[in-house]
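Read the structure below first, then the notes.
The values are calculated or read from the model by the stated rules, or taken from the named source; none is laboratory data. All values reported here derive from a predicted model rather than from experimental measurement. Neighbour counts are summed over all protein chains in view; Cβ atoms, including those assigned to glycine, are modelled from backbone coordinates with ideal geometry.
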Amino acid sequence: MNQYLLLLHETPAAYAGITPAEMGAIIERYAAWARGLGERDLLGPSQKLTDDGGLHLRRQGAGTLATDGPFAEAKDLVGGFFTIHAPNRDEARRIAETCPHLDTAGNWIELREIDPSA
Amino acid sequence: MSEDAHQLAVLFREQHGRLLALLLRESGLARLAAAEDALQQAMLAALRRWPFDGVPQRPAAWLFEVARRALVDEYRGGARRETGHDLHALADPHTLDAAPVERFARELDDDELALLFAVCHPDLPPASQVALALRTLGGFGLRELAAGLLTTEAALAQRLKRARDALATRGAALEVPAPEALPARRDAVLTALYLMFNEGYQSAAGSDYARRELCFEAIRLARALATHPVAGAPQAHALAATLCLHAARLSGRTDADGQPLLLPQQPRDRWDQGLVAMGLHHLDRARAGAALTRWHCEAAIAAAHATAPRYADTDWASIVEWYARLVALDPSPVPRLAQAIAIGEAQGAAQGLAAVEEVLPLLPRERYPFGHTARADFLARLGRIDAAREAYTLAIAQTRSPAERRVLERKLAALECGDAVRE
């Protein structure tokens, strides 16, 4: 089994018009998806990231330049990540395609394999 | 899994009013808009956090805490005003999440009930009462609400804003009205819920989903009001009965292709017997009252339709009697038109035609198509084909509903085939 990282990109503004009932339904779909993977032991650590976008750090001369990451108003923000276990990339892709994150317009998933050779 | 998805959707919608009412208990009704925003923010936070953390043990308590913090933050950020409300007085979140989330199952608590009375205040225009009740207690989004109420999001937002401002200006208190004021205020709420239901039931445009949800929200609130120990009353049961019995027929109103079916053609085995039973139960409770209200009459008429095994079994004589009682209480043209149609069914097309023609000139403009349709139906039954054609054509020209127009065009076509729609 290899390990894959699903970086969940989103456009927070896309959620603006969503009704409470729709929000409830979307959350349930995420929960069901995670539960389904958990039952098959395919789900690894998964975390929400804060909306402040964090910091971008670069060495500049003797010091370090820190710039703010994208804020919640940004067009594209990594909201959090899931890690999953899958035998190969095709299977990982298949699992990622069932993630309800893709149901909201504007959202996309960056699928990366965690290098197993380490 | 889909059952679960439904559950959390229902929870978010049904807890919306309850959470909002709790927030307002702390902040006061004047901050309704801010409280709505805070709750929206909390739900959005849940949407973006729970996928990773899982759904908390007590989701409503979580939402309340986050919304309350957002409301306090907003208050601190905004201009400070003296309000006599302590924003930090903590509502007891332990009372949250105790309730089941099944549709229609939950009683309103006193905060929600106070909110219902506040938003259905007779000082607000009826259309605003309906919109604000759906928005605050029903947790409807602007988009779906605009679809259900046949308006634009911008117009709706404007209407809601004016209504909130009016409540704030009036300094309206968030409380269940005192006993002496209760009957009149309750009547206003019942009327608003009836309007809410009709928006969903009669508007033929808009998505089926949006319309059905309006109907179900009206039923939920009517049932909750009816069963409330203090604010409940027989006429509230009568309204709940009326709405349940009408809603029972929602599932039989269209054929397999989604085309509307008229009452005589509706497959009665597709009516929702659960809702019929619920309606009859409320009708039974409504009989406890000494006073006969318009809602009692409406409920009795709806029950006569819902309990007839076949259209031919309809007890028109009893329906005519109930319409007579209804018209005695409310002599306006709309119930009189319905009475005229029932007279035609009970006593023959000639009597029906005479009664319709009497009320036709009195109808409000948006009801013209119904009047002309009823007149055309009776004319067709009497074999007066040319006059019937003319009346159907008038109705088609005046109706704003595409579904209604299709029904009328079918009737007109049947007329041309010499196949008058006799029941």
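Worth pointing out:
- Filtered by the rule that a residue be out of contact with any His (no Cβ under 8 Å at 6 or more places or on another chain) and touching a residue at least 24 places away in the same chain (Cβ under 8 Å), the stretch B:126-144 gives B:126, B:127, B:128, B:130, B:131, B:132, B:133, B:134, B:135, B:140, B:144.
- Within the stretch A:10-43, the residues that satisfy the criterion of being at pLDDT 90 or above, more than 20 Å from residue B:58 (Cα to Cα) and surrounded by 17 or more Cβ atoms within 10 Å (Cβ to Cβ) are A:33, A:37, A:42, A:43.
One line per residue, one yes/no per condition, for (1) hydroxyl-bearing (Ser, Thr, Tyr); (2) surrounded by fewer than 15 Cβ atoms within 10 Å (Cβ to Cβ); (3) within 18 Å of the chain's Cα centre (by Cα):
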residue	(1), (2), (3)
B:278	no, no, yes
B:300	no, no, no
B:305	no, no, no
B:313	no, yes, no
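- Of the helices (runs of 4 or more DSSP H) lying entirely inside the stretch B:113-170, those containing at least 3 residues that are within 12 Å of chain A (Cβ to nearest Cβ) are B:126-136, B:142-148.
- Of the residues making up the stretch B:51-64, those that are more than 7 Å from every other protein chain (Cβ to nearest Cβ) and crowded, with 16+ Cβ neighbours inside 10 Å are B:59, B:60, B:61, B:62, B:63, B:64.
- Number of residues in the stretch A:97-115 that are surrounded by 11 or more Cβ atoms within 10 Å (Cβ to Cβ), within 14 Å of chain B (Cβ to nearest Cβ) and not hydroxyl-bearing (Ser, Thr, Tyr) equals 8.
- If the condition is being within 33 Å of the chain's Cα centre (by Cα) and either surrounded by 20 or more Cβ atoms within 10 Å (Cβ to Cβ) or under 17 Å from residue A:45 (Cα atoms) (or both), then the stretch B:41-50 contributes B:42, B:43, B:46, B:47, B:48, B:50.
- Selected residue [on the phi > 0 side of the Ramachandran plot, more than 8 Å from chain B (Cβ to nearest Cβ) and touching a residue at least 12 places away in the same chain (Cβ under 8 Å)] from A:41, A:76, A:68, A:52: A:41
- Residue check for residue B:175: charged (D, E, K, R), in a loop (DSSP other than H, G, I, E, B) and closer than 28 Å to residue B:123 by Cβ: yes
- Tally of residues being out of contact with any Ser or Thr (no Cβ under 9 Å at 6 or more places or on another chain) and within 14 Å of residue B:199 (Cβ to Cβ) across the stretch B:128-137: 6
- From B:139, B:148, residue being modelled with pLDDT under 90, buried (at least 18 other Cβ atoms within 10 Å of the Cβ) and either on the phi < 0 side of the Ramachandran plot or basic (Lys, Arg) (or both): B:148
- Filtered residues of the stretch B:1-36 (kept if at pLDDT 90 or above, surrounded by fewer than 23 Cβ atoms within 10 Å (Cβ to Cβ) and closer than 23 Å to residue B:218 by Cα): B:33, B:36
- Criterion violated by residue A:83 - all others in (1) at pLDDT below 90; (2) within 12 Å of another protein chain (Cβ to nearest Cβ); (3) surrounded by fewer than 18 Cβ atoms within 10 Å (Cβ to Cβ) satisfied: (1)
- Hits in the stretch A:26-71 - residues which are of a type in the set (Gly, Ala, Ser), out of contact with any strand residue (DSSP E or B) (no Cβ under 9 Å at 6 or more places or on another chain) and more than 16 Å from residue B:54 (Cβ to Cβ): A:61, A:62, A:63
- The listed residue being more than 28 Å from residue B:182 (Cα to Cα) and either touching a residue at least 12 places away in the same chain (Cβ under 8 Å) or of a type outside the set (Gly, Ala, Ser) (or both), out of B:280, B:225, B:214, B:261: B:261
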